[in-house]
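A.B. asks: Just dropping this structure here.
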Amino acid sequence: MNGDTKKLIDELNCETFKKHDLKTELEWLKKTVVAINSPIVFCHNDFRGSNIMVTKNNNNSNDEIVLCDFEYSCYGYRGFDLGTILVEWGRSMNDMTKLHDFLEDSAIESLLQHYIDESVRIFGQKYLENKNNSMDQLLREVKLFVLIGNIFFILFGIQNDDNNEQIMDKKVMMISFKYQ
């Protein structure tokens, strides 16, 4: 971090930045990501309400869900893609400092059950035979990658502000980090 960032840490009293060495924390995070064994899958990486459309079917059959805005799509950790849904949960593009309560496990499990059901529909029952596809495993992945998604978003904002790209305001990002 440069001198301006360190001044902001003091000015905003960002206790997390003061108490913890960021490099040490990121090393721990890296080891934890490897240990959780989240598979690499094709990821959308930008799930939010504005990128999900529900179309009405005129034939009285089920509505269809259509995903759009694939600019960030790539292969990546399944847990990260699922976790970004929760990172974005309840936020608009213009409200990045809005605090929201982390969802109860039962609400997350409801979302994950849809993911499991659709995966079984696509891959068959063999999908469930792999314990890496269990509800417990998916829940652990999502919780870890929600943390990572929040950290990534905040560091992205701070870094881009350091580069004078004016994508995000560093103060806003640091205040957000303080409360995460």
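Quick note: the coordinates plus some simple rules give every number you see, no bench work behind them. This is a predicted model, so every value here is computed, not measured. Neighbour counts run over all protein chains shown; Cβ positions are idealised from the backbone, glycine included.
A.B. asks: If each residue's Cβ is checked for other Cβ atoms within 10 Å, how do Phe17, Phe123 rank with the fewest at the top? Provide the component values of the computation, followed by the final result.
C.D. replies: On the way: Phe17 20, Phe123 12.
Listing Phe17, Phe123 from fewest to most nearby Cβ atoms yields Phe123, Phe17.
A.B. asks: Along the Cα→Cβ direction, 7 angstrom out, place labels at Asp4 and Asn45. What is the inter-label distance in nm?
C.D. replies: 2.6
A.B. asks: Compute the projected area of the convex hull of the Cα atoms of the stretch 13-86, averaged over all viewing directions, and report it in nm² to one decimal place.
C.D. replies: Value for the stretch 13-86: 7.9 nm².
A.B. asks: What order, most packed first, do the peptides 36-42, 78-84 have when packing is the mean number of other Cβ atoms within 10 Å of each residue?
C.D. replies: Working: 36-42: 14.3, 78-84: 24.3.
Descending packing order for the listed peptides: 78-84, 36-42.
A.B. asks: So how far apart, in nm, are the two label points at Asp136 and Ala107 if each is 7 Å from Cα heading toward Cβ?
C.D. replies: Result: 2.5 nm between the two label points.
A.B. asks: Now for a separate question. Past 32 Å, Cα to Cα: identify those pairs from Lys23/Lys126; Lys56/Lys131; Lys23/Lys143, in the order given.
C.D. replies: On the way: Lys23/Lys126 40 Å; Lys56/Lys131 36 Å; Lys23/Lys143 21 Å.
Too far apart for the 32 Å limit: Lys23/Lys126; Lys56/Lys131.
A.B. asks: Using a Förster distance of 25 Å, how high is the FRET efficiency between Thr24 and Phe152, based on the Cβ-Cβ distance and rounded to 0.05? Could the numbers behind the result be given before it?
C.D. replies: Details: r = 17 Å, r/R0 = 0.69.
In this case the efficiency is close to 0.90.
A.B. asks: Can you give the FRET efficiency to the nearest 0.05 for Lys126 and Ser73, using r as the Cβ-Cβ distance and R₀ = 30 Å? Don't skip to the answer; put the middle values down first.
C.D. replies: Working: r = 26 Å, r/R0 = 0.86.
For R0 = 30 Å, the calculated efficiency reads 0.70.
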